[in-house]
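Working notes, structure below.
The values are calculated or read from the model by the stated rules, or taken from the named source; none is laboratory data. As the structure is a prediction and not an experimental result, all values here were calculated from the model. Here the Cβ positions follow ideal geometry from the backbone for every residue, glycine too, while neighbour counts run over all protein chains shown.
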Amino acid sequence: MSYDYDEGPSYNTPISPRSPMWLTPEERAAGIHKDLKIAARRYLCPNCGREFSLFQSRAVACKACPQASQNCPYVRCPFCDKEYPISGFVVPESKEDQVHMSAYADKVFNRWQDAFGNNRR
């Protein structure tokens, strides 16, 4: 892992949800968990150079895909539509981390759909 102790991990360094992560007292009080920080973290698309997060990918680029809520092992750039494996891009090369973060994103979007998706008029 490329890590400069003065600056922290490089921009696109994958982060494991099993790794220790600093949460501020305000983040803890707000109920923020390290999974949320990883899923909301911005990554640079190697193809188009634009920034996006796992949440943005699932909410925008993967919205119509039937795999999007079934532990899909990919993340898709919402700008250029290029897919990358979650493992090695969002999280380190780990099947366990890949499944964990994919399931977390699915759970968040399923809760959102249950709370807000059926209230359309």
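Descriptive notes on the structure:
- Of the residues Gln98, Gln113, the single one that is of a type outside the set (Ser, Thr, Tyr), in contact with a Ser or Thr (Cβ under 9 Å, 6 or more places away or on another chain), at pLDDT 90 or above and not in a loop (DSSP other than H, G, I, E, B) is Gln98.
- Subset of segment 64-83 that is at pLDDT 90 or above and over 12 Å from the mean Cα position of the chain (by Cα) - its residue that is surrounded by the fewest Cβ atoms within 10 Å (Cβ to Cβ): Asp81
- Scan of segment 48-63 for residues that are surrounded by 16 or more Cβ atoms within 10 Å (Cβ to Cβ), modelled with pLDDT of 90 or more and either aromatic (Phe, Trp, Tyr) or over 21 Å from Lys34 (Cα atoms) (or both), ordered by number: Phe52
- Close Cβ contacts (under 9 Å, 6 or more residues apart or on different chains) running from residues in segment 15-26 that are surrounded by 15 or more Cβ atoms within 10 Å (Cβ to Cβ) to residues that are of a type in the set (Ser, Thr, Tyr) comprise Ser16/Ser94; Pro17/Tyr104.
- The set of residues from segment 69-86 being free of Cβ contacts under 8 Å to residues at least 40 places away in the same chain and either among the hydrophobic types (A, V, I, L, M, F, W, C) or more than 10 Å from Ser57 (Cβ to Cβ) (or both) comprises Gln70, Asn71, Cys72, Pro73, Val75, Cys77, Phe79, Cys80, Asp81, Lys82, Pro85, Ile86.
- Residue list for segment 37-76, restricted to those being closer than 17 Å to Thr13 by Cα and assigned to a loop (DSSP other than H, G, I, E, B): Arg41, Arg42, Cys45, Pro46, Asn47, Gly49, Arg50, Ser53
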